[in-house]
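Read the figures in this text as sums done on the coordinates, not as results from a lab. This one's a predicted model, so the numbers in the text were calculated from it and none came from an experiment. Using ideal geometry, Cβ is built from the backbone for each residue, glycine included, and neighbour counts are taken over all protein chains shown.
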Amino acid sequence: MSYGNRKPHFVLVPLFAQGHMIPMIDLARLLALQGVAVSVMTTPQNTARFKAVIDRANAAGLLIRFIELRFPCAEAGLPEGCECYDHVPSLELYKNFYEGLSLLREPLLLYLRQQCPKPSCIISDASTPWTREIARELRVPRYVYHAPSCFFLLCTRNVGKHKPGADAFERLLVPDLPHEVEVVRGQALGLFDYPGIEKLRDEVAEAESTADGLVMNSFRELETAFIDSYQKDLEKKVWAIGPVCLSNKETGDKFTRGNKMNVDENYIRNWLDAKETASVIYVSFGSIASHSASHLIEIGLGLEASKRPFVWVIRDKEMRPEVARFLSEGFEERTKGLILRGWAPQVLILSHPSVGGFMTHCGWNSTLEAVSVGVPMLTWAHFFDQFLNEKLVVEILRIGVALKANTSIVYMADDAEGLITREDVEKAVTELLEGAEAEERRKRAKELAAKAKESMEGGSSCEDLRFMIRHALELTDEASDA
Ligand code: UDP
């Protein structure tokens, strides 16, 4: 894309959580591929996670750099080094984490005033509403980046508007929706509808209503009706520029995405190469959820009973002594499953032809990553937007099977017990992979994947990305003419 003799410069302000930061880095790459210079706000711990990806992008000639600021842990009442969402040691401290994040307003403003060429636009995560003042000070356009699905944003907005007093367990139809969707009230809360962060919730709403546009990691063909409704309701331009994971074309990009691995890329590839097409179940629940030992053991025994090959990601903090004992006392030898400890190259694994199903918590990135490669999902939502994403996958897109009817309405903590059994897992894996319905589901998933690819290769998402850049430049021109 040509911009005459000026180089657009976009500043990205993420939430330091893997599910927000990873797609922001992908967005940085997409913008840079359009000839935009990009600066991404980080902190030392976050830089460490993404340096390899950015180094690769720079080596390929893309202009992306970090604005590295010190995260004010002590000032926010957080332990030293607690700079990422998955480092926060308890539920009560998430409020402090958001406070710490908001303390970056002054240092970021100072940096942007002193060191950079003036930005053409700021794209900031919805959870950083304080960027509003920065944009106003610098007189630059500001877009809000929404990490969840538009379906989730629309449902929670409509439920919040029309059913504010409903009881957490009440079942209700989401008002004003192009589809009939029944939800449990407590599963349709907005990301900031939790006690203790009411001020942040109001600031987020205000920052959205005053933004110059909204950017979403989605594609029109996936959520047309919901994107149109949201846009109409907010009277605001929505750009669906995803699935951004499809910008990871090279194996090296897929392998270095998000964090460091404990495993060798070739080992994973060789393991998958040896399996039949669409036979493997990939099991991972994202970067935050963690399970009790009993849940992990039930998952393991269910996978074993299904007699399917599997790749199972177990996070470091889940590796309690009971789990380690369970795995080492015969499980790994009996099943010959591939167990990855810590962080897995998810996009690389999902895009391997041997993978036939994804057991997921329905985080929006994981959902889109499965959609992008046409892998049907076995769903088990744990918290936040995941309940509604699960509905989208199972009931509307019909590319997934629910592990079981999900009745939890609170943040599922790692001491939760008895929510699933090995029989649930075995039954759901079989349903996902076997029979005529499974075949139909796979076909639908593949069709959707083809549309996702098209949207990113010159289709709707590509167009939205270009319109989004142009719009910012037009606003910048207007501001400098005024
Ligand atoms: N992810 C990964 N390897 C892992 C765990 C997670 O690459 O071992 C990535 C995953 O591909 C996705 C992100 O981390 O891009 C998780 O985001 P999501 O919205 O799915 O869930 P969250 O972590 O926010 O619950």
Among 275/446; 163/427; 254/453; 391/453; 275/427, the pairs whose Cα-Cα distance exceeds 27 Å are 163/427
In order over the stretch 16-30: 3J(HN,Hα) from phi, Karplus 6.51/-1.76/1.60, θ = phi - 60°, whole Hz, x for each Gly or Pro, gives 7, 9, 4, x, 10, 6, 4, x, 5, 5, 4, 4, 4, 5, 4
For the pair residue 278 and residue 209, the simple spin-label estimate (label points 7 Å beyond Cα toward Cβ) gives in nm 4.8
Once the in-chain neighbours fewer than 8 apart are removed, the lysines whose Cα is under 20 Å from residue 7 read 118
Counting only DSSP beta bridges with both partners in the chain, the antiparallel fraction in percent, to the nearest 5, comes to 5
Listed with the fewest Cβ neighbours within 10 Å leading, 143, 282 appear as 143, 282
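What share of Cα pairs, in percent, lie more than 15 angstrom apart in the stretch 254-363? Mind dumping the intermediate values first?
On the way: 3742 of 5995 pairs.
Summing the P(r) tail past 15 Å for the stretch 254-363 gives 62 percent.
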Length gained if residue 5 through residue 235 is fully extended, taking 0.36 nm per residue and subtracting the Cα-Cα distance, is 79.5 nm
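When 334, 442, 70 are ordered from fewest to most other Cβ atoms inside 10 Å of their Cβ, what list results?
Values: 334 9, 442 19, 70 12.
Fewest-to-most Cβ neighbours within 10 Å comes out as 334, 70, 442.
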Here FRET efficiency (C-beta to C-beta, residue 457 to residue 329, R₀ 56 Å, nearest 0.05) is 0.70
Per-residue Cβ contact counts at 10 Å, fewest first, order 362, 121, 73 as 73, 121, 362
Between residue 280 and residues 5 or more places away or on another chain, the pairs with built amide H atoms under 5 Å apart involve 355, 356, 357
